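Okay, structure first, notes after.
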Amino acid sequence: MSPIPDLDALAKDAIADITAAGDLDALENARVRHLGRKSVLAELLGSIGALQPAERGRVGKEGNAARRAIEAALDTRHAMLEGEAMGSALLADRADVTLPGDATPLGALHPITQVRLEVEEIFLGMGYAVADGPEIETGFNNFTALNTPAGHPARSESDTFFIAGGEEDEVLLRTQTSPVQIRIMQTGPPPVYVIAPGTVYRRDDVDATHSPMFHQVEGLAVDEGLTFANLKGTIAYFLQQLLGDRDVRVIPHFFPFTEPSVDVSVAWTDRHGRTDWLEVAGAGMVDPNVFANVGYDPERWTGFAFGFGLDRIAMIRHQISDIRLLYEGDLRFLEQFA
Ligand code: DAH
């Protein structure tokens, strides 16, 4: 049995050693040295049974006191070194708030949406309200109430996607925004000044000027004493606001729900310098039959209606020669309108 060490001195040396540990690894080495299984203290405490009975109590007490003092020093040093390690990790991680940020690219409205918003703005300025209608419509609203009864030739011309029902109660993708006229007139009495932009569908073969899905903006004015002059003036003002000074041509046409009916075209020059008329709207004076269908008195009220092609207007606006560009989602095209 080796002589019993001076436990006081042993604890002091160990604590000095621990306090000098420069990092967490060095501290762990110190712990093993002073408290590990092979340390002087551990061996002493493990062999107390071999001491003289008179010595056991004192050595046990002083040995344990030394161990607690060393443990406390270890804890203190550990907390300190850990704090320093965390501090330097934080420093290394520090964000430089003066660096330029990562720019998030801004999106932009689609050219058709831009045109729609401009159209709404112009009509709001003329005192019109903006209404909305469903793209899935009844055959009644899309055709019958618009003076296009079952069997009418115009009905078979506008083929679309039929969702449910038979000839009398069919449900379909609307072929025009005109059914919104019916919905509006069914909800309240005249006077009415409203536009209704939206998406419409037709069984059309895709080419540079046709798409099976496109956009219209419907207009309806019903009041006492409205005449064709009001229709023409409204359209002329609207086109002038939207497209600037251009020649506008109004020629006779046929639509089942207006009488008389016209086609509206504007002069436009394509990118190759060719000038031509481009049809942008159908319009006319509301047919008295339509008023009768919604319960308006045709003897008292007159009105006009129009349906503009929004895609067409966007194309004129931006000299786009192919409608397909509007629907392909090609960023190289779309970014030009941002
Ligand atoms: N709905 C017609 C179409 O899609 C366009 C139209 C013509 C709308 C005359 C009208 C109108 O409101 O009065 O071809």
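The values are calculated or read from the model by the stated rules, or taken from the named source; none is laboratory data. The shown structure was predicted, so the numbers you read here are calculated from the model rather than taken from an experiment. All Cβ positions, even for glycine, are placed from backbone atoms using ideal geometry, and neighbour counts span all protein chains on display. Please note that ligands, DNA and RNA were not included when accessible areas were found on the heavy atoms of the full protein model with its side chains. Shrake-Rupley method; radii C 1.70, N 1.55, O 1.52, S 1.80 Å.
Quick notes on this structure:
- Computed about the Cα centre, the dipole magnitude for the chain is approximately 1340 debye when only Lys and Arg (+1) and Asp and Glu (-1) carry charge, each at its Cβ.
- Charge dipole (segment 30-131, unit charges on Cβ, about Cα centre) - positive-most of Ala30, Gly46, Thr98: Gly46
- The charge dipole of segment 57-151, taken about its Cα centre with unit charges on the Cβ atoms of Lys, Arg (+1), Asp and Glu (-1) only, comes to about 1000 debye.
- When the charge dipole of the chain is built from unit charges on Cβ atoms (+1 for Lys and Arg, -1 for Asp and Glu) and taken about the Cα centre, the candidate among Ala338, Leu325, Asn142 whose Cα reaches farthest toward its positive end is Ala338.
- Diffusion constant of segment 143-275 at 4 °C, which comes from Stokes-Einstein with the Kirkwood Cα-pair radius and 1.567 mPa s, µm²/s: 76 µm²/s
- If the Kirkwood radius is taken over C-alpha pairs of the chain, then at 37 °C and 0.692 mPa s the Stokes-Einstein diffusion coefficient equals 122 µm²/s.
- For the chain, the share of accessible area belonging to carbon and sulfur comes to 53 percent (1.4 Å probe, ligands and nucleic acids excluded).
- Per residue, the chain exposes 56 Å² of accessible surface when a 1.4 Å probe is rolled over the protein heavy atoms with every protein chain present.
- 20 Å reach of a label modelled at Leu124, 7 Å along Cα-to-Cβ, counting backbone N of segment 189-220: 192-199, 216-220
- As a ratio to 2.2 N^0.38 Å, the alpha-carbon radius of gyration computed for segment 24-179 takes the value 2.96.
- Free of any trypsin sites (Lys or Arg not before Pro) that DSSP assigns to a loop and that have at most 12 other C-beta atoms within 10 Å, the longest stretch within the chain is 95-202.
- Average Cα contact separation per residue, the chain, under 8 Å, 6 or more apart, as relative contact order %: 14 percent
- Ordering Leu117, Ile182, Tyr296 by Cα displacement along the dipole of the chain toward the positive end leaves Leu117 in first place; charges were set at the Cβ atoms of Lys, Arg (+1) and Asp, Glu (-1).
- Choice from Met86, Met185, Met315 showing the highest fluctuation, given a GNM over the chain with Cα pairs closer than 10 Å: Met86
- Helix-only CD estimate at 222 nm, as mean residue ellipticity for the chain, using -39500 (n - 2.57) per DSSP H run (n ≥ 4): -13000 deg cm²/dmol
- In straight-distance terms, cross-link reach from Lys12 covers every one of the lysines whose alpha-carbon lies under 22 Å from its own, apart from those fewer than eight places away in the same chain; here that gives Lys38, Lys61.
- Percentage of interatomic Cα-Cα distances in segment 96-207 larger than 22 Å: 49 percent
- Highest-fluctuation residue, Gly46, Gly188, Gly309 considered, GNM on the chain with Cα pairs under 10 Å: Gly46
- Of the chymotrypsin sites (Phe, Trp or Tyr not before Pro) found in segment 85-161, the ones in coil according to DSSP and having at most 14 other Cβ atoms within 10 Å of their Cβ are Phe161.
- Remark: segment 214-338 carries a charge dipole of roughly 380 debye about the Cα centre, counting +1 on each Lys and Arg Cβ and -1 on each Asp and Glu Cβ.
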